[in-house]
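First the structure, in the form of structure tokens, and then the observations on it.
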Ligand SMILES: Cc1ncc(COP(=O)(O)O)c(C=O)c1O
């Protein structure tokens, strides 16, 4: 832990960073990779000169790294500014009037509104507001022969719920529908195998796993060949380039590759980068869940605290309110004690609506990532206890 934590310069400010679900800090190696790209000279891609070739190599390296992280194919990695922008683009390419789309109230709004605004008929999967689970059985009713897409999250960004995506995907595929999985919250918390999930599309954002502010959507290149997004007449028509608009943030893409390398090296071991990632991310999941058991038990035993959701499979993400204090007041109190947490709906618009707390300011979110330690958890619990 010491060597992992010391690789993150920002952690030296003494704060307990429990805001990772909204974006992680970056290790020195990522900053160095971004600087090195600029220092070496980079050009736009596809040119005849060395600086352009360096950008070509950065883009190819980034696609390979993201593919390794999620178990996809490098030629199916679409890169862009963030998950929301890419999802809007793909949604209007994939679905439209005459189609049906199935969305869930567990999802972050970035995997809801892009689909509901396509003009397709919308079917809603409901959440159990007490457990925070997304029951699979309802999907048999929701999916039909006109279903074009089932959009579902691999993990809720406020409750941490990990729904049974493979079972939902099986029902979708049986009906000939595509499955668009939001992996933005799930990716930093454990190993990812998009094929095992049954994801035709898997979306992720590097800034949630120690990288720069870059998003990616990964799909089978053969599937992407069948889709025709709006694009400039002059831009490449190849896959995956035809899904990418404008000039990429090349230096940041070098940082994304460095972030994947950083994750792959969290625990010692050999093998391919994909194998090292699976080993590292398995260790990350164990570390986070062991700490989370202390965090959630501590919160649940405080009479002045209400926690939301109790899903069977979850990430290390807690969502709670404190009697007599607004979520903002709790976050401000904790900030004063050197603890970073988020307050509000956190864009889980439908879910906070279903929980009945959206209009009253949502709740407080404290989430763990691999660089959090026991002292971070103890400082949170101590700070919340003081509000009794
Ligand atoms: C689960 C989930 N999905 C989607 C998003 C949106 O990602 P981006 O900021 O890359 O658009 C977020 C961001 O917080 C998220 O937590």
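The values are calculated or read from the model by the stated rules, or taken from the named source; none is laboratory data. Please read these numbers as outputs of a predicted model, since none were measured by experiment. Every residue, glycine as well, gets a Cβ built from its backbone with ideal geometry; the counts of neighbours run over all protein chains shown.
A few remarks follow.
- Per the listing 267, 218, the residue uniquely crowded, with 21+ Cβ neighbours inside 10 Å, in contact with a helix residue (DSSP H, G or I) (Cβ under 6 Å, 6 or more places away or on another chain) and within 21 Å of residue 67 (Cα to Cα) is 218.
- Test: residue in the range 216-236 that is within 29 Å of residue 366 (Cα to Cα), within 13 Å of the ligand (Cβ to nearest atom) and either touching a strand residue (DSSP E or B) at 6+ places or on another chain (Cβ under 7 Å) or part of a loop (DSSP other than H, G, I, E, B) (or both): yes
- Filter result for residue 259 (out of contact with any strand residue (DSSP E or B) (no Cβ under 9 Å at 6 or more places or on another chain), away from the ligand (no atom under 15 Å from the Cβ) and on the phi < 0 side of the Ramachandran plot): no
- Selected residue (only one of 152, 101 is more than 16 Å from the ligand (Cβ to nearest atom) and surrounded by 24 or more Cβ atoms within 10 Å (Cβ to Cβ)): 101
- Counted residues, the range 60-88 - those being closer than 14 Å to residue 250 by Cα, within 14 Å of the ligand (Cβ to nearest atom) and in contact with a helix residue (DSSP H, G or I) (Cβ under 7 Å, 6 or more places away or on another chain): 3
- Against the numbered list (1) within 18 Å of the chain's Cα centre (by Cα); (2) over 18 Å from residue 183 (Cβ atoms); (3) more than 14 Å from the ligand (Cβ to nearest atom), residue 171 comes up short only at (1).
- All positions within the range 105-131 that are more than 19 Å from residue 86 (Cα to Cα) and within 16 Å of the ligand (Cβ to nearest atom): 105, 106, 125, 127
- Lone unmet requirement of (1) without any contact (Cβ under 8 Å) to a residue 40 or more places away in the chain; (2) more than 13 Å from the ligand (Cβ to nearest atom); (3) surrounded by 19 or more Cβ atoms within 10 Å (Cβ to Cβ); (4) not in a loop (DSSP other than H, G, I, E, B) for residue 134: (4)
- Close pairs (6 angstrom Cβ cut-off, 6 or more residues apart or separate chains): over 16 Å from residue 182 (Cβ atoms) in the range 62-86, surrounded by fewer than 24 Cβ atoms within 10 Å (Cβ to Cβ) and at pLDDT below 95 anywhere: none
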